[in-house]
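The values are calculated or read from the model by the stated rules, or taken from the named source; none is laboratory data. Small disclaimer: the values here were computed from a predicted structure and weren't measured. Here Cβ is always computed from backbone atoms with ideal geometry, including for glycine, and neighbour counts include all displayed protein chains.
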Amino acid sequence: MPVPIPWMHAFVDVPPEHAEAAREFWSAVTGWPASGVWEGHPEFVSLAPSDGAPYLHVQLIGGPPRIHLDLVGELDRDSARLEELGATREKRGDAWQVMRSPAGLPFCVCQEPWPHERPATVTWPGGQRSRLVQLCVDVPAERHDGELQFWRAATGWEDEPVRGPEFHRIVHRTQSPLQLLVQRLGEDDQATCARAHLDLGTDDLAGEVRRVEALGARVLWPGDGFVALQDPVGLPFCVTANSPDR
């Protein structure tokens with residue numbers, strides 16, 4: 001059985017005209033300042049916590065805003081393994097392989113020095129605590145079951161109970177700071193391919209929503225244990241009652 005993927009990165013992909021807004025907003029939301037651009041790759045900037053390894057990054061792309069994820073692993077071995085599970089290979093980078101999941105979500109396999117230290121939760125002036133804890137893969141209903149099985153096998157992570165039959169959560173118990181949620185979209189959603197969004201976890205849902213609204217987010221709708229919002233460049237995300245210490 002493959003060794004579980006130890007770490008997952010999240011990327012906010014934006015066209016150049018939205019880069020500054022995306023960096024400023026997500027830096028303020030997480031409390032992590034933007035570092036300098038990556039050496040040799042000025043299209044990438046990491047948001048760097050003071051006490052752990054970065055796992056949220058902003059990338060310049062030639063298309064509309066989106067979210068993608070990177071799985072840390074052994075480049076050739078894991079790329080081949082994921083291809084056997086149903087992913088397709090695309091462009092090869094310096095230390096990463098661009099791929100697409102069976103339902104069309106872009107992601108990468110990346111190889112990097114290991115291990116990493118998980119960042120701590122941030123406490124805000126309002127008293128609430130929060131951290132980016134989850135990446136949610138939103139999947140059209142007819143493609144959901146196959147996509148869920150793909151991510152279970154791709155990560156090697158464990159299922160964890162979650163409320164709502166449309167949600168399935170898989171987690172790494174000891175290492176990755178991001179857990180993965182796979183959501184079945186409603187029949188009225190017109191999407192034909194999977195997409196992704198980010199979820200914050202907090203111990204004060206209302207207080208955290210007020211904070212991110214003040215930073216420029218717009219509330220879309222409240223849910224059961226979460227509030228859906230939109231960031232300044234149009235990307236949806238959620239503030240959730242997931243523990244920020246997960």
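Number of residues in the range 120-160 that are assigned to a helix (DSSP H, G or I) and among the small types (Gly, Ala, Ser): the value is 4. Within the range 182-221, count every residue that is within 23 Å of VAL12 (Cα to Cα) and free of Cβ contacts under 8 Å to residues at least 24 places away in the same chain. Number of matching residues: 7.
Restricting the search to strands (runs of 3 or more DSSP E) fully inside the range 58-106 and requiring at least 1 residues that are basic (Lys, Arg) and touching a residue at least 24 places away in the same chain (Cβ under 8 Å) gives 66-72.
Based on what the data block shows, is GLY127 touching a residue at least 60 places away in the same chain (Cβ under 8 Å), among the small types (Gly, Ala, Ser) and surrounded by fewer than 16 Cβ atoms within 10 Å (Cβ to Cβ)? Taking the combined requirement at face value, the residue satisfies it. Of everything in the range 169-181 that is in contact with a helix residue (DSSP H, G or I) (Cβ under 8 Å, 6 or more places away or on another chain) and within 19 Å of PHE11 (Cβ to Cβ), the residue that is surrounded by the most Cβ atoms within 10 Å (Cβ to Cβ) is LEU180.
Any chance the range 67-84 includes a residue that's under 19 Å from ARG195 (Cα atoms) and in contact with a helix residue (DSSP H, G or I) (Cβ under 9 Å, 6 or more places away or on another chain)? Checked against the condition, which is being under 19 Å from ARG195 (Cα atoms) and in contact with a helix residue (DSSP H, G or I) (Cβ under 9 Å, 6 or more places away or on another chain), the range 67-84 yields at least one hit. Filtering the range 31-53 to residues that are outside any strand (DSSP E or B) and surrounded by fewer than 21 Cβ atoms within 10 Å (Cβ to Cβ) leaves GLY31, PRO33, GLU39, GLY40, ALA48, SER50, ASP51, GLY52, ALA53. Within the range 223-235, residues that are farther than 15 Å from ARG23 by Cα sit with their Cβ atoms under 8 Å from residues that are small (Gly, Ala, Ser) and at pLDDT below 95, at 6+ positions apart or across chains, in these pairs: ASP224/GLY164. Taking residues in the range 15-35 that are among the β-branched types (Val, Ile, Thr), and partners anywhere that are in a helix (DSSP H, G or I) and surrounded by fewer than 18 Cβ atoms within 10 Å (Cβ to Cβ), not one pair has Cβ atoms closer than 8 Å while being at least 6 places apart or on different chains. Hey, ARG173 hits all of (1) touching a residue at least 24 places away in the same chain (Cβ under 8 Å); (2) assigned to a loop (DSSP other than H, G, I, E, B); (3) in contact with a strand residue (DSSP E or B) (Cβ under 9 Å, 6 or more places away or on another chain) but one; which does it fall short on? Result: ARG173 fails condition (1) only.
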